């Protein structure tokens, strides 16, 4: 982990708080107009897509309908739902855009999401053992988790997770791995399972029963189109999210490193544990501005479209403290995610030979001022020894 | 004595009722719509899902509040105006002496502010219009803006009418003691009396600073002609600064048969308290007095220091905060179990509805507004009396 002194951490927190306060003081009509514009676009695309779908026996209509509905779901999940549930628009005092009451168009219930994502993931970002989003308990992406032969096939998990992403997110809070180890019981998860079933049932009913039934003669086409739309959303959402923390330079942390951490240390972890991708503005919008994952993690409740505007300020702060600001094009970042999944599917010694960039804690390998922490070095040495012994 | 105060959240109530009435008019039952709304749009009121599109086509089609077209604006005094509004037909009407909330968006934020209706229900019943008289609250956030920024033709949001029904009954003699903008619900009651051709003896003691501060002067003139038994006494208390004429026993002594009268008080808190004491001294029983507190507008009491009385409305617990603990800690110390996550302002798990009062954000040092809004319990301390939905 890139390290800063206590004093530097305090200054870092002050610098970032200053950016945050400036943005918060500036919230106003512009933000309201922006999110309402996105909502109008979402409604138009959704109704447009659903209206075109029954004409899907004509191929261009099928494609247009499916794409339109797919993009609508992407916008609703990423630019509206995710951001509203972060409380980015609570200040508007609009009951339709309130973090406590908003419910989104995906399997996962808003309440479950806010517990696992807003609280667990955003508070304990990339801390192995505490942030279950790091690998979603089905991927091994770091060497603190001991290698097992089953990891050889984790690329299959990765592909499945990408395809069925909304289901993966939906059952995330079930903590399947803890159920299996007996750490939690099914009884403790009864309430979660009930909510999951109700919300999942709704989502399935809507796309695979209600709308197809409305257009009965062409129901199979509508079912196929809706499935395609969900698939488009799943693939894009998962890819965007994987690029946020699993890229080559994004760091992960051990629990010991983060015990009793200061606000400055939390900021440091968000800066070094997240990664951005670059592209045209429409890509940013479609990613819910998670293209700017670094800014999002530092300021999770600032309206997301502002991230691209404050990105230069955050970069300047990183530069000031010699921290790596991890940003690259989407294809390049996604390639390093695939590489990470592949690298950590291998036994440690083989990984270190084949993927020398994923040695140790996965900190920025080619960063010139890379000051690899003692803990990180020790950890990789221990794991080397262990794998050598194996 | 009976008091009607605007303690419940007019905004939510208004919306709740409005969608019910909308649904009641549409074919299938309310439950069916609610169920379908949940299935298809993840919200109980399916109509609201279409709002962003409906509103942009015609603002009068909005469902999340009741839209009203501003028909005319008349100046009453240098700092007050009467707005004639034409609400959408689904608005439910009102009773004399009731209030409504104006719901407006200013700089992207929604505000809901209570005002008294200043006309008789016959206006709504006969030509579909209502009047609301607004007096500028010095240093207020909304009223100065409201008075400056609305023009005939604009659309404004209103809630359902609420508050005690003060429809005048025939028979008993009445005494109104009002001050400043406290005259507005009385205008409604007197006009309702005239509409019903009631002949009760009525004395109106109306205190204003100077003659230029008389609100509803034209209406009072007209009423004096329609109500032969109206004894109209406008007291310009500070017209002659050397010789001020504030409410005193002499004003009441000249009221014929005082102890027989039904008394209605509306005005600044100081005047009302004083009037109550004087009436009690004169032998008027408590049951004969009713009052409305809020027509003077929400009193903003900004104290320099943090701390104050915190009322958790759902559990009906009141605690005294010294201002040295965050609201989350206050709630926990009071034995409540609010939901929380990071306890450092990141995750919004503890976001809670504040119905009134001012809180200070400890991260920014900024005080909030005094209206209803969502706040994070873990980073706010109260400044004066605060009410939370917890």
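Since every read-out is calculated from the coordinates, none of them should be taken as a lab result. Just so we're clear, the structure is a prediction, and the values are computed from it rather than from any experiment. Quick reminder, even Gly has a Cβ in these numbers, built from the backbone with ideal geometry, and neighbours come from all protein chains shown.
The mean sequence separation of alpha-carbon pairs under 8 Å and at least six residues apart, normalised by the residue count of the stretch A:29-156, gives a relative contact order of 14 percent. Among the residues of B:107-116, the average count of other protein chain beta-carbon atoms within 10 Å of the residue beta-carbon is 4.
Taking max minus min of the alpha-carbon positions on each principal axis, the protein assembly as shown gives extents of 106, 68, 47 Å, largest first.
Rounded to the nearest 0.05, the FRET efficiency derived from the C-beta distance between residue A:255 and residue A:357 at R0 = 30 Å is 0.75. Our compactness index for the stretch A:165-241, the C-alpha radius of gyration over the empirical 2.2 N^0.38 Å, is 1.39. Other protein chain C-beta atoms within 10 Å of residue C-beta, averaged over A:116-124: 4.
Computed over the alpha-carbon atoms, the stretch B:88-161 gives an Rg to Rh ratio of 0.96, Rh here being the Kirkwood radius from the mean inverse distance.
Over chain A, Cα pairs under 8 Å with separation of 6+ residues give a relative contact order of 24 percent.
Take the convex hull of the alpha carbons in chain A; its mean projected area over all directions comes to 20.2 nm².
Taking max minus min of the alpha-carbon positions on each principal axis, the stretch B:308-388 gives extents of 28, 25, 22 Å, largest first.
With a 10 Å cut-off around each Cβ of A:95-105, the average count of Cβ atoms from other chains is 5.
Its Cα gyration tensor gives the stretch B:174-296 an equivalent ellipsoid. The semi-axes, each the square root of 5 times an eigenvalue, are 20, 19, 13 Å from largest down.
With 0.36 nm allotted per residue and the present C-alpha distance subtracted, the residue B:333-residue B:196 stretch has 43.8 nm of extension available.
Residue ranges A:125-133, A:155-163 sort as A:125-133, A:155-163 when ordered by packing (mean number of other C-beta atoms within 10 Å per residue, highest first). What is the helix-to-structure angle for A:374-389, meaning the angle in degrees between its Cα long axis and the longest Cα principal axis of chain A, kept from 0 to 90 and rounded to the nearest 10? Relative to chain A, helix A:374-389 is tipped by roughly 90 degrees. Stokes-Einstein diffusion coefficient for the stretch A:236-289 at 37 °C in a medium of 0.692 mPa s, Rh from the Kirkwood formula over Cα pairs: what value in µm²/s? It diffuses with D of about 260 µm²/s by this estimate. Stokes-Einstein diffusion for the stretch A:21-150 at 25 °C, viscosity 0.890 mPa s, with a Kirkwood radius from C-alpha pairs, works out to 141 µm²/s. With the convex hull constructed from alpha-carbon coordinates only, chain B shows a mean projected area of 22.3 nm² over all directions. The long axis of helix A:219-245 is offset from the longest Cα principal axis of chain A by roughly 20 degrees. The coefficient of translational diffusion for the stretch A:110-231, derived via Stokes-Einstein from the alpha carbon Kirkwood radius under 10 °C and 1.306 mPa s, stands at 96 µm²/s.
When each of the peptides A:135-147, A:180-192, A:106-118, A:278-290 is scored by the mean number of other C-beta atoms lying within 10 Å of its residues, the order from highest to lowest reads A:106-118, A:135-147, A:278-290, A:180-192.
Identify the residues of the stretch B:96-118 with backbone N under 19 Å of a label point that sits 7 angstrom from the Cα of residue B:60 along the Cα-to-Cβ direction, or state none. Flagged as within label range: B:103.
Between helix B:269-281 and chain B there is an angle of about 50 degrees, using the helix long axis and the longest principal axis of the Cα atoms. Principal semi-axes of the equivalent ellipsoid, √(5λ) from the alpha carbon gyration tensor of the stretch A:169-304, are 35, 25, 12 Å from largest down. Protection proxy ranking, highest mean first, for peptides B:377-385, B:182-190, A:248-256, A:169-177: B:182-190, B:377-385, A:248-256, A:169-177, where packing is the per-residue count of other beta-carbon atoms within 10 Å, averaged.
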